[in-house]
Structures are given as C-alpha cells and as structure tokens.
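Asks: Have a look at the structure that comes next, please.
The values are calculated or read from the model by the stated rules, or taken from the named source; none is laboratory data. Bear in mind that the values here come from a model prediction, so they are computed numbers and not experimental data. Cβ coordinates were reconstructed from backbone atoms using ideal geometry, including for glycine residues, and neighbour counts include every protein chain displayed. All accessible areas refer to the heavy atoms of the entire protein, side chains included, with ligands and DNA or RNA removed. Shrake-Rupley method; radii C 1.70, N 1.55, O 1.52, S 1.80 Å.
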Amino acid sequence: MPNWGGGAKCAACEKTVYHAEEIQCNSRSFHKTCFICMSCRKGLDSTTVAAHESEIYCKSCYGKKYGPKGYGYGQGAGALSSDPPGQDAEPQNSKPRQTSSNPNASKFSQKFGGSDRCPRCSKAVYAAEKVMGAGKAWHKTCFRCALCGKSLESTTVTDKDGELYCKVCYAKNFGPKGFGLGNEAMLEERE
C-alpha cells in the first residue's frame, strides 16, 4: 500500500505516523498513544523508556526482565545473575573474569549491581542519591568535608587526591602559609 501521507510507519501498530503525533526512540517512530511499555502497557516518555532491541519497556519492567537476578531483585533467592532466563550459569571451575580492563581503576570506580560505589562509605550509589565530586559518585549524605564534616555543595567543594574538603579546611591545610593565611607565622620581610 503506498505511503500517501509521507509519514513514517509506527513500530507498534505499523500505521502511518504524522509529524505532529510522532515520538522517536532508537531511530524508530511511534504514535504517542502507541509509545507504551510492552509488559505493563504504561505510557512512556523520554525519561521512562528503556529499549531492548526492537522492544520498549518502562524502566521497572525492563529491570525485571533484563536486570540482575537474585535476592533483593524480585526474582527469588540466589546469587546475582544477569543471564537471560533459561540459560545455565558458567561452571564454577572456569577461569576467573578480569573485572576491569583499566589497571588504574580504583575499587570505588568499579561497578556494583549497575551503580557506582561511594568512596566514603563503599556502598552502592544509585541515581536518585548521586552527587558527583572529584570525578567520583558520592551519596548526598557522604558529600562532606573530610576534616570538619561540613555538608558540601558544588560551589563549596574542593578536592585533593580524591578526597573532598570545604574551602576553609582546604585553605588551612593545603593553601599558602604565612601571616593572614591561616597560620600565625609571618612571612619574611624583604628590604
């Protein structure tokens, strides 16, 4: 059948999608009413969609179908696994996998269950609680000065050697020394 209207075909219903009603995802067009989760049928938008090959899901259904399996992930007890259902895990006597191709990667930058590890408490940092500082992901509650414990913000944070400091503590400990600069010693006067 010829495409008289000039619109693309909807990936869900295969009818013509006109520009005013078009939503694009993974280079495919959808009607706004067809842009729904394939499992729960909930309406999606650019912030809630998760695509897997030619299928679209809400993030919750995507996680249940393709996310890690195991205790705490809604799939029953057992070790974590991201293998598709029905496939056996690797035998125990196989060679251990290398965890990182970057030999300089710190243990905090290693991924754990799809999230970063907080350098302060070493626990997983998820998107809702993530604050970036010194090139690392931190919990909002852990984003504090290493010396005085003061809560930090992007405008008050300073870092040195991967640790966070407020501007006052940084200046006292790492800034220039001399009279008026946090120390009682006076700089030598030159005549």
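Asks: Would you work out the relative contact order for the stretch 130-174, in percent, from Cα pairs under 8 angstrom that are 6 or more residues apart?
Replies: With pairs under 8 Å counted, the relative contact order is 32 percent.
Asks: First select every other residue whose beta carbon is under 9 angstrom from the beta carbon of Lys130; then total the charges, Lys and Arg +1, Asp and Glu -1.
Replies: Details: positive: Lys140; negative: Asp116, Glu129.
Around Lys130, the surrounding residues sum to -1.
Asks: Let me ask something additional. Per residue Cα convex hull volume for the stretch 22-66, in cubic angstrom?
Replies: Working: hull volume 2.8 nm³, N = 45.
Per residue, the Cα convex hull of the stretch 22-66 comes to 62 Å³.
Asks: Past the 23 Å Cα-Cα mark, which pairs from Lys123/Lys150; Lys130/Lys172; Lys136/Lys167; Lys123/Lys172; Lys64/Lys136; Lys130/Lys150?
Replies: Numbers: Lys123/Lys150 20 Å; Lys130/Lys172 28 Å; Lys136/Lys167 19 Å; Lys123/Lys172 30 Å; Lys64/Lys136 28 Å; Lys130/Lys150 18 Å.
Pairs exceeding the cut-off: Lys130/Lys172; Lys123/Lys172; Lys64/Lys136.
Asks: Using a 1.4 Å probe, how large is the accessible area of Asp159, given in Å² and rounded to the nearest 10?
Replies: Number for this one is 80 Å².
Asks: List every residue whose amide H lies under 5 Å from the amide H of Ala146, counting only residues 5 or more places away in sequence or on a different chain, with H placed 1.01 Å from N in the peptide plane.
Replies: Those lying under 5 Å, H to H, from Ala146 are Leu164, Tyr165, Cys166.
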